[in-house]
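Quick notes on the structure that follows.
None of the figures in this text is laboratory data; all of them are computed from the coordinates on show. Since the structure is predicted, the reported quantities are computational estimates derived from the model, not experimental observations. Glycine also receives a Cβ, built like all others from the backbone with ideal geometry; neighbour counts cover every protein chain displayed.
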Amino acid sequence: MVPEIAKQDRIIAALLVAIARKESSWGVHVPVLDGQDCYNYWGYRGIRDRMGTGGHTCFDSPKDAVDTVAKRIEFLVSNKKLDTPAKMVIWKCGDKCSSDNKFAVQKWISDVDYYFQKLNKK
């Protein structure tokens with residue numbers, strides 16, 4: 001997926017990698033369908049014909065996965081101004097994180113921010 005991620009804007013690429021690290025532990029924990037990897041390392045839940053374990057989207061290829069998730073992240077960054085892990089925490093818990101465990105919310109932000117900062121240096 002690296003060649004496809006590398007085509008993205010720096011912030012989008014940094015969020016793609018950082019969120020994938022947090023949500024799948026570098027692809028260790030991923031949704032599957034019929035025993036096959038769904039290429040979903042971000043916990044993405046968009047409705048498609050093929051849905052994997054846990055109600056997560058199954059993508060047709062690594063390129064499809066990066067293109068789809070990058071497009072969603074780009075929308076959130078450009079239109080909603082969610083350009084930091086602290087703002088992007090909606091990825092974890094939706095529009096309102098108030099019902100989530102506060103420690104888990106902060107841990108998500110901290111973990112994603114660690115890689116985001118490393119990858120988003122100028």
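Per-residue ellipticity at 222 nm, computed for the chain from helices alone with -39500 (n - 2.57) per DSSP H run of at least four residues, works out to -16000 deg cm²/dmol.
For the stretch 83-94, 3J(HN,Hα) computed residue by residue from phi via the Karplus equation (6.51, -1.76, 1.60; θ = phi - 60°) reads 9, 9, x, 4, 7, 7, 4, 4, 4, 7, 10, x Hz, glycine and proline entered as x. Mind checking which of N79, G43, A20 is farthest towards the positive end of the chain's charge dipole, using Cβ charges of +1 (Lys, Arg) and -1 (Asp, Glu) about the Cα centre? The residue sitting farthest along the positive end of the dipole is N79. In this structure the amide hydrogen of L82, modeled in the peptide plane, comes within under 5 Å of the amide hydrogens of V77, none closer than 5 places in sequence on its chain.
Among the listed pairs K71/K102; K63/K96; K81/K102, those whose Cα-Cα separation exceeds 26 Å are K71/K102; K63/K96. Cross-link reach is defined here as a Cα-Cα straight distance under 17 Å, omitting same-chain residues fewer than 8 places apart; for K107 the aspartates and glutamates meeting it are E23. In the chain, Cα pairs under 8 Å separated by at least six residues give a relative contact order of 28 percent.
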